[in-house]
Amino acid sequence: MKWWIINALCWLAALPACAAPAADSLRGDTAQRRPTFYERRTQHLRSSWARLVPNMGSIHFYGGVGLVSLGTGWHYGRKDQWETEVLLGFVPKYESDHNKATLTLKQRFVPWRIGLSSRWAVEPLTAGCFVNTIFGEDFWARQPSRYPKNYYGFIPKLRTSIFIGQRLRYNIPSRNRIFWKSISAYYELSTCDLYLISALPNRRVRLGDILTLAFGLRLEIF
Amino acid sequence: MENLFPISVFSAALLLTGCDVLEVHPYDAHVEGERHINARAVERIEAACAGRDSVRFAVVSDTQRWYDETAAAVAHINAHADVDFVIHCGDLTDFGLTREFEWMRRELERLEPPYVCLIGNHDCLGTGGDVFRTMFGDPNFSFDAGDTHFVCLNTNAFEYDYSVAVPDFGFLRDDLEALGPDTRRTVVAMHAMPFSDQFNNNVAEVFQEKIRTYPGLQFCLCGHQHTTTQFEPFDDGVVYYECGSAAKRQYLVFTLTADGGLKYEVVDY
């Protein structure tokens with residue numbers, strides 16, 4: 001068991017860690033020597049790229065981006081209040097001809113984190129926006145050339161949405177970690193651009209009509 | 001602050017059970033509720049009008065994203081129009097989104113007379129064509145109201161880049177062949193009229209010749225250009241009546257009388 005924990009942690013920390021052995025072996029050969037420009041340069045390059053390693057993942061259900069979506073992303077910021085995520089979603093065909101895939105780019109703001117105990121914490125508000133693109137020949141990003149300019153004044157392929165939500169977070173004690181540092185359950189209520197412009201001039205389209213619910217698990221790796 | 005979370009989870013659960021918030025995608029074509037609306041309406045119309053030699057019906061069109069106006073039209077038709085049925089000449093949606101169809105259906109379902117819907121060019125966007133087919137049925141269909149035959153056609157050829165049989169002459173041929181012997185009059189309804197940007201204008205004249213072979217072609221119905229007007233595109237005595245969009249707050253009422261006469265009214269609501 002212990003071996004697996006070490007192994008998993010090594011893998012998850014793969015890129016930031018890979019600079020360390022190199023430095024160690026150098027230190028063994030030439031003790032106390034100041035790193036050369038080349039060494040500092042490669043070290044800098046490694047640590048810069050290491051920051052791009054995704055440090056969280058997610059499993060996301062519904063929410064207008066797919067029946068189920070798998071996400072990977074980054075949490076960052078001085079108070080760890082920002083998150084950026086990329087999700088790949090699956091849309092079953094239902095009454096249409098094909099199953100479809102979607103891709104989502106999502107930005108989230110998490111202003112508060114309230115600890116309930118050493119393990120449990122509540123994030124009472126998450127808010128943000130996302131852009132979703134759906135693949136398939138029925139959805140154009142640029143109006144086909146046969147149409148006069150601005151024949152349809154919108155882009156079927158691209159939806160922009162805003163959302164708010166909440167999360168409950170469980171911090172896994174370090175001795176029990178296998179893959180993840182923490183797991184959060186969340187839900188989000190969103191609405192998209194076309195729903196908003198449908199609801200605004202119409203009393204008959206109510207708030208409940210334009211809301212979309214999503215729920216899922218956020219998995220923090222490190 | 002600690003108490004907030006259970007409360008909001010509870011309200012989210014309420015929402016979940018309360019309405020259709022679990023959406024896969026705005027274009028998911030996941031249709032819930034009423035389906036095959038045209039087929040059931042046709043059954044009601046044919047049963048109610050069987051054996052009659054007069055018919056009275058209303059026409060609405062281009063109700064996309066005008067839900068309040070549509071609701072007003074529905075209420076007015078229910079209260080004042082006294083019609084056998086209602087024809088919607090297409091463009092129920094602006095973007096072809098699945099929820100738009102559901103919202104528009106919610107308004108139209110309040111109509112007391114049976115109603116049939118034609119497909120508009122906006123209804124073809126994204127997966128809209130699939131949703132239309134599921135919710136309403138085949139975009140080309142016909143029915144008889146007493147001695148009058150109604151032909152409803154998809155004429156949005158431009159949406160398919162002219163690669164699909166629109167208007168479908170095969171459908172017209174089969175429909176003409178299947179025509180009952182009692183048919184005295186015919187009305188042809190479509191969304192986009194000949195010579196409009198959506199129509200396959202290469203066959204506009206051929207189309208007109210074909211529909212003139214129907215017994216007693218009375219007139220044609222259309223929408224698309226959002227104004228209530230009438231015109232005679234082929235100078236052959238066949239009038240096209242166009243119904244304005246819901247924003248114009250008008251619908252049309254036609255009465256085909258037993259003596260072969262026609263009464264045409266534009267109703268403001």
Counting only residues 5 or more apart in sequence or on a different chain, those whose built amide H sits under 5 Å from that of B:E23 are A:G63, A:G64, A:L213
With label points set 7 Å from each Cα along the Cα-to-Cβ direction at A:N99 and A:Y151, the distance between them in nm comes to 3.3 nm
For B:A247 and A:L158, extending 7 Å from Cα along the Cα-Cβ vector and measuring point to point gives, in nm, a value of 2.4 nm
Any residue on another chain or 5+ positions along whose placed amide H is under 5 Å from the amide H of B:R52 is listed here as B:G146, B:D147
The answer for the per residue Cα convex hull volume of the stretch B:73-175, in Å³, is 98 Å³
In order over the stretch B:223-230: 3J(HN,Hα) from phi, Karplus 6.51/-1.76/1.60, θ = phi - 60°, whole Hz, x for each Gly or Pro, gives x, 6, 9, 6, 10, 7, 7, 9
quick shape note, the stretch B:118-269: Cα extents on principal axes in Å, largest first -> 46, 40, 32
Nearest 10, in degrees from 0 to 90: the angle of helix A:14-29 to the longest Cα principal axis of chain A is 20 degrees
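Would you mind working out the magnitude of the charge dipole of the stretch A:38-118 relative to its Cα centre, with +1 at each Lys and Arg C-beta and -1 at each Asp and Glu C-beta, to the nearest 20 Debye?
Details: 11 positive and 6 negative charges, 94 e Å.
Computed about the Cα centre, the dipole is about 460 debye.
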Quick P(r) readout (the stretch B:75-122; Cα-Cα; 5 Å bins; whole %) gives 5, 21, 27, 23, 14, 7, 2
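Can you send over the carbon and sulfur percentage of the accessible area for the protein assembly as shown, probe radius 1.4 Å, protein chains only? Before the final figure, lay out the partial values.
Details: 13380 of 22850 Å².
The C+S portion of the solvent-accessible surface of the protein assembly as shown is 59 percent.
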Within 10 Å of the Cβ of an average residue in A:214-222, the count of other chain Cβ atoms is 1
For the stretch A:91-102, Karplus-derived ³J(HN,Hα) couplings (6.51, -1.76, 1.60; θ = phi - 60°; whole Hz; x for glycine and proline) come out as 10, x, 6, 6, 8, 8, 8, 9, 5, 10, 10, 10
One point scatterer per Cα, no solvent, Debye formula: log10 I(q)/I(0) for chain B at q = 0.09, 0.10, 0.15 Å⁻¹ comes out as -0.41, -0.50, -1.08
Volume per residue (Å³) of the convex hull spanned by the alpha carbons of the stretch A:82-157 is 152 Å³
P(r) of the stretch A:118-222 over all Cα-Cα pairs, 5 Å bins starting at 0, rounded to whole percent, reads 2, 10, 14, 14, 14, 12, 10, 8, 6, 4, 2, 1, 0
For chain B, percent of DSSP beta bridges that are antiparallel (nearest 5) comes out at 50 percent
With all protein chains in place and a 1.4 Å probe, B:R110 shows an accessible area in Å² (nearest 10) of 130 Å²
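Give me D for the stretch A:129-180 in µm² s⁻¹, whole number, from Stokes-Einstein with Rh from the Kirkwood sum over alpha-carbon pairs, 37 °C and 0.692 mPa s. Present the calculation step by step, with values, prior to reporting the outcome.
On the way: Rh = 15.3 Å.
It diffuses with D of about 215 µm²/s by this estimate.
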Here the residues of the stretch B:28-63 whose accessible area is at least 10 Å² smaller with all protein chains than in the chain alone (probe 1.4 Å) are B:D28, B:A29, B:H30, B:R35
The long-range amide H neighbours of B:T227, using H built 1.01 Å from N in the peptide plane and a cut-off of under 5 Å, are B:S245
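Dividing the alpha-carbon radius of gyration of the protein assembly as shown by 2.2 N^0.38 Å (N being the number of residues), what value is obtained? Write out the running numbers ahead of the final one.
Details: Rg = 30.1 Å, N = 491, 2.2 N^0.38 = 23.2 Å.
That ratio works out to 1.30.
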Rounded to whole angstroms and listed largest first, the alpha-carbon spread of chain A along its three principal axes comes to 74, 48, 32
Karplus-derived 3J(HN,Hα) from phi for the stretch B:177-183 (6.51 cos²θ - 1.76 cosθ + 1.60, θ = phi - 60°), whole Hz, x at Gly and Pro, runs 5, 8, 4, x, x, 8, 5
From DSSP H assignment alone, runs of 4+ in the protein assembly as shown each adding -39500 (n - 2.57), the sum over residues rounded to the nearest 500 puts [θ] at 222 nm at -7500 deg cm²/dmol
For the pair B and A, the solvent-accessible area buried on both sides (1.4 Å probe; DNA, RNA and ligands excluded), in Å² to the nearest hundred, is 4400 Å²
Heavy-atom accessible area per residue of chain A, all protein chains kept, 1.4 Å probe, expressed in Å², is 57 Å²
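Based on the alpha-carbon set only, what is the convex hull volume of the stretch B:41-85 divided per residue, in Å³? Mind dumping the intermediate values first?
Numbers: hull volume 3.5 nm³, N = 45.
Output value, Cα hull per residue: 79 Å³.
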Of the candidates A:N202, A:H98, A:S190, the farthest towards the positive dipole end of the stretch A:54-220 (Lys/Arg Cβ +1, Asp/Glu Cβ -1, centred on the Cα centre) is A:S190
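The values are calculated or read from the model by the stated rules, or taken from the named source; none is laboratory data. Quick caveat, the model's predicted, so the values are computed rather than measured. Neighbour counts are summed over all protein chains in view; Cβ atoms, including those assigned to glycine, are modelled from backbone coordinates with ideal geometry. Areas reflect the complete protein model, heavy atoms only, side chains present, ligands, DNA and RNA absent. Shrake-Rupley method; radii C 1.70, N 1.55, O 1.52, S 1.80 Å.
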